[in-house]
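Working notes, structure below.
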Amino acid sequence: MADVTAPNSAVLVQSNRSSLHKLMQRKSTIAFLMALPLILLIAILVVYPAGYAIWLSMLNKSMSKFVGFGNFEFLFKRQTFWDVVFQSCLFAITAVIFKAMIGFVVAHFVHNIPSKGQRKWRGMLLVPWVIPPAMSTLAWLWLFDPSYSAFNWILAHFGIGPVPWLGEAGWARFAVILVNIWAGAPFFMIMYLAALKSVPDQLYEAAAIDGAAWWQRIWYVTLPMMRNIIAITALFSLIVTFANFDITRVLTSGGPLTATHLFATWAFKVGIESGDIPLGATVSLFMVPILAVAAAFILRDINKRGSEV
Amino acid sequence: MAQVTLRKVVKKYDEVPAVRGVDLDIADKEFIVLVGPSGCGKSTTLRMIAGLEEITGGDIAIGGNIVNDVPPKDRDIAMVFQNYALYPHMNVYENMSFGLKLKKTPKAEIDKRVRLAAGILDITELLDRKPKALSGGQRQRVAMGRAIVRDPKVFLFDEPLSNLDAKLRVQMRTEIKKVHQKVRTTTVYVTHDQVEAMTLADRVVVMNQGLIEQVGTPNDLYHSPATKFVAGFIGSPAMNFIPCQVEQAAGALRIRLTDALSFPVPAERTARYTPYVGKPSLVLGLRPEHIIETRPHIEPNQHDFDMKIDVVEPMGMETLVYFTVNGVEVCGRVNPNAGAAAAKTMKLRADLSNMHLIDDTTGKVL
Amino acid sequence: MADAAVTAAAPVRPAHYGSMSRDRRWAMRWSYFFLVLFAIFFLTPPLYMLLTSLKTSAEISAATNPWWVFAPTLENYVALLTKNEFLVFFRNSALVSVCVVTVTMVISVLAAFSLARMKFWGSATLATGVFLTYLVPDTLLFIPLFKMFAWFRDLTGIELINHWWTMIILYPTLSVPFATWIMIGYFASIPKELDEAALIDGAGWFQTLTKIFIPVAMPGIIAAMIFSFTVSWAQFLYPLAFTTSSSELLLPVGIVTTLIKGDVFNWGQIMTGALLGAAPPLIIYAFLMDYYVAGLTAGATKG
């Protein structure tokens with residue numbers, strides 16, 4: 001069979017089937033068409049409104065006149081605006097730090113117990129994340145109720161006077177942050193748990209043989225291995241927390257006075273409730289810088305990991 | 001009739017050539033194995049035959065028709081992938097019949113063909129199972145079954161055994177050979193494993209850096225390699241390459257390895273090697289099995305030499321001995337009872353009637 | 001230590017090391033202790049919701065122990081479930097969620113298949129863009145959208161404000177980017193040989209998608225569906241900003257705005273409503289927890 005004579009190349013017949021090259025070209029056209037709904041959706045309902053917000057922020061209240069940076073100047077002169085900046089930062093940073101710490105600690109405890117019980121515990125601990133935030137905040141609102149607060153009922157047994165949970169600026173800020181931590185920590189827990197599970201056991205065994213104590217194992221093995229997920233989860237949560245609306249809106253509506261207003265709730269108040277759309281747009285635009293910075297970090301991280309694969 | 005013909009086939013990825021002009025004629029019913037190190041272009045060549053890669057230049061013909069522009073499904077080929085590429089959500093029967101179903105083949109016909117192929121491969125009782133519930137070897141069979149069912153002009157295999165463990169690989173190798181003897185379809189088989197290539201092929205195509213180094217039967221390649229690359233690639237342990245010189249002394253040629261070590265060239269090769277007397281950069285190629293121990297009851301001759309052994313590797317039926325000549329590690333195969341031991345001097349014999357003289361600059365076997 | 005050495009060859013057990021299993025038992029006990037504390041913290045609000053929903057108004061305003069139900073009753077549930085208004089909220093929410101899940105899956109599966117497998121000019125940029133879109137919060141977009149809707153009405157005469165079905169157009173902006181992201185991850189993890197095998201078997205692109213990719217990536221599709229459902233069920237800002245008449249409200253907004261009338265809080269009904277509003281996501285979560293978690297972590301592990 002090895003010594004077959006080569007067929008004469010003149011025998012080869014050019015076939016006229018649909019061209020492979022054309023097929024490849026058509027492929028990219030089809031691909032584009034398949035992605036088109038997504039492109040349109042993003043362009044019309046995300047990119048365009050985002051750009052439109054910038055335009056709106058430069059109009060006067062009745063949207064009849066271009067005022068340039070007038071709205072921005074107006075805001076800079078108002079104390080409320082600076083309060084909102086402070087409150088948003090305080091709210092986001094404090095909440096994210098506590099969410100990350102609680103998430104990390106709880107993930108460790110869940111990881112420590114025998115694996116057949118882990119599913120059950122994980123299931124229970126994730127419940128706050130599953131409930132729509134507006135609904136769960138109603139429960140907190142009721143727990144914080146000025147006259148019937150169930151927390152105050154317990155505290156009264158220890159002789160601690162009624163706490164004005166939502167009635168006083170400091171306590172109200174604490175309450176808003178607490179509810180956000182309650183709702184967001186489970187998300188961190190689930191992410192960190194997934195990350196913990198991806199650390200190979202051999203690393204811990206090697207560290208144990210090298211004589212590392214439990215905290216050294218966390219410091220030298222767990223944390224470095226999880227650094228990526230810790231960072232990306234925290235950045236992501238920073239964006240979501242900074243732009244949060246539901247919790248504050250339901251719990252305090254920004255009150256007392258403006259003590260708990262965040263950019264989102266204040267923009268809603270100014271833009272929708274008071275009908276000053278340009279000013280509302282201007283307020284909401286102040287979320288962009290911090291969002292952009294966090295997004296840039298996340299993107300860098302994703303690209304880095306993409307190139308490692 | 002399903003010969004496969006490649007004429008000056010070129011493949012470039014963004015101007016980086018992967019295949020640099022391959023000419024190959026594969027006869028009907030022939031089992032061809034493309035073998036070479038990773039990145040040599042063997043898989044790319046196979047994928048061009050399959051139509052999964054566009055060709056940059058040249059022609060590919062299947063059964064006398066140029067198929068350069070024909071989409072894979074119309075080329076009448078079947079392919080077995082390295083990771084089997086079984087559809088995980090379909091059972092074995094559905095996996096095997098998927099292609100026929102898309103072609104709107106009548107149900108009865110599909111059933112007949114699937115059962116026939118399943119019979120050939122002995123997987124009839126697995127037809128209801130999902131791929132997840134199959135062992136590696138069984139998945140391999142199903143992948144072949146999927147190919148056989150389509151009754152194609154050409155089978156293409158892309159390293160089909162490299163995901164199996166060593167023992168199963170040997171078993172499936174025999175299996176593939178048996179199947180080919182039954183269905184007699186033209187087959188192009190890609191592997192990086194030269195043993196697989198040798199055992200399966202009617203003809204082996206050795207590729208390197210996008211070019212064909214040599215085409216020939218397994219025995220041809222083993223005994224008369226055309227290049228140093230082929231000589232070194234085929235055979236395990238690999239051929240020894242020792243820098244040498246050709247000397248003329250008293251009308252006879254000698255191969256000189258070191259000041260102390262030289263061998264007479266066998267008389268039948270004298271004429272062939274005479275032109276290379278005194279030439280630089282020559283290499284002696286000698287397979288390990290041609291360096292053996294001297295046996296006490298055999299006459300000593302000029303090819304015997306004493307050598308201090310560095311490392312001994314007992315293999316059971318033979319023992320490999322490693323020693324250093326001219327700065328190069330050399331391997332010999334000796335009888336396990338010959339008493340080889342590390343750091344001990346041993347009497348060895350080089351069988352130069354099977355030697356190869358290689359020009360190290362061109363890589364050609366002279 | 002000396003008494004441990006019975007013979008010269010016997011291994012010596014240094015007495016000052018506690019047994020390993022004892023250490024581990026203690027670590028376990030502490031873990032359980034803290035897990036119980038955190039579980040109390042995490043589960044108190046929903047449990048308190050349930051407690052309150054079972055109380056009569058009289059009991060709620062009585063000075064008894066708020067952490068116990070002395071006279072359990074279902075009257076709050078009966079009141080809400082027979083209230084036409086509440087049923088309308090529920091229907092609106094259900095319709096919106098079902099439509100949004102459908103729309104999201106069609107858009108994101110098509111786009112993810114195209115981005116993960118087919119590639120076209122700019123497809124890599126688009127994949128990154130999709131992720132960025134996911135990071136754009138609703139709180140940035142609701143004001144310009146409000147104005148865009150007014151402008152759209154002036155242009156076409158179609159009123160988008162104060163209609164529940166407007167949410168079917170809006171919610172996909174929140175669900176599609178992440179759903180696409182999940183699907184890209186799942187599709188990219190399908191070995192390339194599988195589509196090549198399908199190509200050789202004679203499947204076109206559409207058949208490869210429907211017959212191979214969708215069935216193989218089913219876990220991802222379920223995870224993406226759960227995600228889109230959760231997002232659209234829980235969304236609060238858009239309906240709060242864009243709907244006002246009680247027939248057009250969705251469940252979360254409806255409960256917050258209609259059950260709280262001025263300063264009159266009917267806490268029994270509010271908690272019942274909140275619990276019923278939380279029920280669909282909780283039920284889905286209870287049955288499909290693994291898919292839910294897979295969807296949550298997909299962004300981190302597949303990204």
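The values are calculated or read from the model by the stated rules, or taken from the named source; none is laboratory data. Given the structure is predicted, the values throughout are model-derived calculations rather than measurements. With ideal geometry, Cβ positions are generated from the backbone for all residues, glycine too; neighbour counts draw on all protein chains shown.
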- [ ] Determine which member of the set A:Ile30, A:Ile39 is in a helix (DSSP H, G or I) and at pLDDT 90 or above.
- [x] A:Ile39
Task: Looking only at the range B:56-70, and only at residues there that are touching a residue at least 24 places away in the same chain (Cβ under 8 Å) and within 9 Å of chain A (Cβ to nearest Cβ), the one that is surrounded by the most Cβ atoms within 10 Å (Cβ to Cβ) - done: B:Ala61
Open item on the list: Show the residue pairs meeting these rules: Cβ distance below 7 Å; 6+ apart or different chains; first residue within the range B:265-292 and more than 30 Å from B:Met317 (Cβ to Cβ); second residue assigned to a loop (DSSP other than H, G, I, E, B) and modelled with pLDDT of 85 or more.
Closed with: B:Tyr273/B:Val265; B:Ser281/B:Asp360; B:Ser281/B:Thr361; B:Leu282/B:Asp360
- [ ] Answer yes if at least one residue in the range A:160-178 is over 26 Å from C:Pro252 (Cβ atoms) and either among the basic types (Lys, Arg) or in a helix (DSSP H, G or I) (or both), and no otherwise.
- [x] yes
Open item on the list: So A:Glu273 ticks every box in (1) within 21 Å of A:Ile102 (Cα to Cα); (2) at the interface with another protein chain (Cβ under 10 Å from one of its Cβ atoms); (3) surrounded by fewer than 18 Cβ atoms within 10 Å (Cβ to Cβ); (4) not aliphatic (A, V, I, L, M) but one. Which box is left unticked?
Closed with: (1)
TODO: Return only the number of the condition from (1) polar (S, T, N, Q); (2) within 30 Å of C:Leu240 (Cβ to Cβ); (3) in contact with a Gly (Cβ under 8 Å, 6 or more places away or on another chain) that C:Thr102 does not satisfy.
DONE: (3)
Task: Qualifying positions in the range C:201-228 - at pLDDT below 90, under 19 Å from B:Ala147 (Cβ atoms) and hydrophobic (A, V, I, L, M, F, W, C) - done: C:Ala203
- [ ] Look through the range C:102-125, keep the residues that are buried (at least 21 other Cβ atoms within 10 Å of the Cβ) and under 17 Å from A:Ile44 (Cα atoms), and return whichever of them is farthest from the other protein chains (Cβ to nearest Cβ).
- [x] C:Thr104
TODO: Within the range B:126-158, track down each residue that is under 16 Å from B:Tyr93 (Cα atoms), within 12 Å of another protein chain (Cβ to nearest Cβ) and under 29 Å from the mean Cα position of the chain (by Cα).
DONE: B:Val142, B:Ala143, B:Arg146, B:Ala147, B:Val149, B:Arg150
TODO: Check A:Ala208, A:Ala183, A:Ala234 and return the single one that is in the same structural domain as A:Leu125 (by TED's automatic domain parsing), assigned to a helix (DSSP H, G or I) and at pLDDT below 85.
DONE: A:Ala208
Task: Subset of the range A:205-250 that is within 30 Å of A:Ile131 (Cα to Cα) and small (Gly, Ala, Ser) - its residue that is farthest from the chain's Cα centre (by Cα) - done: A:Ala231
- [ ] Only one of these is closer than 26 Å to C:Thr139 by Cα and in contact (Cβ under 8 Å) with a residue 60 or more places away in the chain: C:Ile214, C:Ile168. Name it.
- [x] C:Ile168
Task: Qualifying residue in the range C:87-101 (condition: buried (at least 20 other Cβ atoms within 10 Å of the Cβ) and over 16 Å from C:Leu251 (Cα atoms)) - done: yes
Open item on the list: Could you tell me how many of the residues in the range A:83-99 are surrounded by fewer than 16 Cβ atoms within 10 Å (Cβ to Cβ) and either in a loop (DSSP other than H, G, I, E, B) or among the aromatic types (Phe, Trp, Tyr) (or both)?
Closed with: 1
Task: Residue under evaluation B:Lys73, criteria (1) facing chain C (nearest Cβ under 10 Å); (2) modelled with pLDDT under 90; (3) buried (at least 22 other Cβ atoms within 10 Å of the Cβ), criterion not met - done: (3)
- [ ] For the range A:279-293, name all the residues that are within 16 Å of A:Leu238 (Cα to Cα), within 9 Å of another protein chain (Cβ to nearest Cβ) and β-branched (Val, Ile, Thr).
- [x] A:Val288
- [ ] Answer yes or no: is there a residue in the range B:34-51 that is in contact with a strand residue (DSSP E or B) (Cβ under 9 Å, 6 or more places away or on another chain) and in a strand (DSSP E or B).
- [x] yes
Open item on the list: If B:Glu175 meets every condition in (1) farther than 20 Å from B:Lys42 by Cα; (2) under 17 Å from the mean Cα position of the chain (by Cα); (3) at pLDDT below 90 apart from one, which number is that one?
Closed with: (2)
TODO: Select, from A:Ile102, A:Ile113, the only residue that is under 22 Å from A:Ala172 (Cα atoms), surrounded by fewer than 24 Cβ atoms within 10 Å (Cβ to Cβ), of a type in the set (Val, Ile, Thr) and touching a helix residue (DSSP H, G or I) at 6+ places or on another chain (Cβ under 8 Å).
DONE: A:Ile102
Task: Residue list for the range A:41-59, filter: more than 7 Å from every other protein chain (Cβ to nearest Cβ) and surrounded by 22 or more Cβ atoms within 10 Å (Cβ to Cβ) - done: A:Ser57
Open item on the list: So, B:Val92, is that one surrounded by 15 or more Cβ atoms within 10 Å (Cβ to Cβ), among the β-branched types (Val, Ile, Thr) and at pLDDT 90 or above or not?
Closed with: yes
Task: Which numbered condition B:Gly339 fails, given (1) touching a Leu at 6+ places or on another chain (Cβ under 6 Å); (2) part of a loop (DSSP other than H, G, I, E, B) - done: (1)
Open item on the list: Step by step: first the residues of the range B:51-94, then only those that are out of contact with any Asp or Glu (no Cβ under 9 Å at 6 or more places or on another chain) and polar (S, T, N, Q), then the one that is farthest from B:Ile176 (Cα to Cα). Which residue is that?
Closed with: B:Thr56
- [ ] For residues that are surrounded by fewer than 23 Cβ atoms within 10 Å (Cβ to Cβ) and under 16 Å from A:Pro164 (Cβ atoms), scanning just the range A:254-263, find the one that is farthest from the other protein chains (Cβ to nearest Cβ).
- [x] A:Ala259
TODO: Tell me, yes or no, whether the range A:152-175 has at least one residue that is under 25 Å from the mean Cα position of the chain (by Cα), assigned by TED's automatic domain parsing to the domain that holds A:Val288 and of a type in the set (S, T, N, Q).
DONE: no
TODO: Take the residues in the range C:131-142 that are within 17 Å of C:Leu240 (Cβ to Cβ), facing another protein chain (nearest Cβ under 7 Å) and touching a residue at least 12 places away in the same chain (Cβ under 8 Å), then tell me which one is nearest to the chain's Cα centre (by Cα).
DONE: C:Thr139
TODO: Go through the range A:128-150 and give me each residue that's of a type in the set (Gly, Ala, Ser) and at pLDDT 90 or above.
DONE: A:Ala134, A:Ser136, A:Ala139
